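Below you'll find the structure, written out as structure tokens, and then a few comments.
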Amino acid sequence: MDPDVLGNGFDPTVPNAARMYDYFLGGKDNLPADRVAAEQVLRYVPEIPIGIRENREFLVRAVRFLAERGIRQFLDIGAGLPTQRNVHEVAREHAPDARTVYVDNDPQVLAHARALLQDTPLVRVVEGDLRRPQDILNNRELREHLDFSQPIAVLLLAIMHFIPDSDHPAAIIAQIRGALAPGSHMAISHVAADARPEVAPGVEKVYQNASAQFVARMTGEIAPFFEGLDLVEPGMVNLHDWRPDNPFIDPSIERTKAYFLCGVGRVSPSRADG
Ligand SMILES: C[S@@+](CC[C@H](N)C(=O)[O-])C[C@H]1O[C@@H](n2cnc3c(N)ncnc32)[C@H](O)[C@@H]1O
């Protein structure tokens with residue numbers, strides 16, 4: 001990673017959740033501390049890069065689905081480091097007028113995203129912490145770019161498992177949902193511990209010293225995050241089961257149990273009013 005985009009005040013010895021994710025994806029935007037922590041996670045869950053690739057493929061299918069449904073505004077919270085096939089690129093393949101706002105709370109992600117995307121039309125990069133959803137919703141730049149009287153697709157992909165129960169993750173989602181116009185949608189993905197509960201404490205421990213702390217949850221704890229949404233078929237399912245368009249299924253993941261759940265839903269009219 002180019003140190004120039006990292007700015008002052010960052011500690012290179014702290015593993016960074018976004019850069020660890022980049023490492024899992026095979027990217028180059030990571031530092032030694034990220035790689036050490038990521039390798040520790042890989043010892044517990046060697047198949048994690050497959051799950052993460054499937055998460056990016058879900059992102060592509062979900063954004064395409066939403067654009068085909070007529071959504072022209074995308075709010076990607078916990079956007080991560082720009083990689084291949086980012087939300088605005090997929091959206092604009094189907095809707096050239098689509099507007100995208102990327103939100104993240106990580107200074108390195110923001111610096112990197114701004115460096116790469118600042119001249120991209122119809123794209124904004126905004127600082128925001130999902131644990132303070134009202135600040136995100138009130139952000140001036142975000143409000144100037146997205147029209148909250150029109151449908152918006154909010155993407156919460158691979159971020160909710162960094163929000164601890166003490167921050168009331170379901171209430172955070174409800175607050176965002178309540179600010180959206182009728183016709184708006186949400187897409188959510190969340191690692192599920194059902195397939196490998198025995199490794200969950202070890203993975204949580206690795207992230208304890210990282211920039212964001214991973215929370216292992218079981219299906220029953222993740223399902224409430226989808227409340228208030230009219231989920232489109234097939235509902236809340238493992239990533240590879242959500243409207244798959246690629247017949248190849250990597251055999252190294254235990255697929256009979258939940259390992260990485262996702263879903264896309266329309267904000268229920270009663271909730272959108274709230
Ligand atoms: C695992 S990456 C996911 C990237 C992308 N959404 C995806 O699914 O490919 C998680 C991202 O969420 C960000 N993040 C973690 N906690 C956050 C918070 N409280 N507020 C905003 N962003 C957060 C991290 O900085 C990181 O960029």
Residue 63 being buried (at least 21 other Cβ atoms within 10 Å of the Cβ) and within 12 Å of the ligand (Cβ to nearest atom): yes
When you check residue 187 against the structure, is it within 16 Å of the ligand (Cβ to nearest atom), open to solvent by less than 40 Å² (accessible area, probe 1.4 Å) and not in a loop (DSSP other than H, G, I, E, B), yes or no? yes
Please name all residue pairs, on different chains or six or more residues apart, with Cβ atoms under 8 Å, provided the first residue is in the range 157-169 and is among the charged types (D, E, K, R) and the second residue is open to solvent by 50 Å² or more (accessible area, probe 1.4 Å) and near the ligand (Cβ under 8 Å from one of its atoms). 167/131
When you scan the range 78-100, do you find a residue that is within 19 Å of residue 245 (Cβ to Cβ), in contact (Cβ under 8 Å) with a residue 60 or more places away in the chain, among the β-branched types (Val, Ile, Thr) and open to solvent by less than 10 Å² (accessible area, probe 1.4 Å), even just one? yes
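The values are calculated or read from the model by the stated rules, or taken from the named source; none is laboratory data. What you see is a predicted model, and the numbers here were worked out from it, not measured in a lab. Every residue, glycine among them, receives a Cβ derived from its backbone with ideal geometry; neighbour counts consider all protein chains shown. Note: accessible area is taken over every heavy atom of the protein model, side chains too, but ligands, DNA and RNA are not part of it. Shrake-Rupley method; radii C 1.70, N 1.55, O 1.52, S 1.80 Å.
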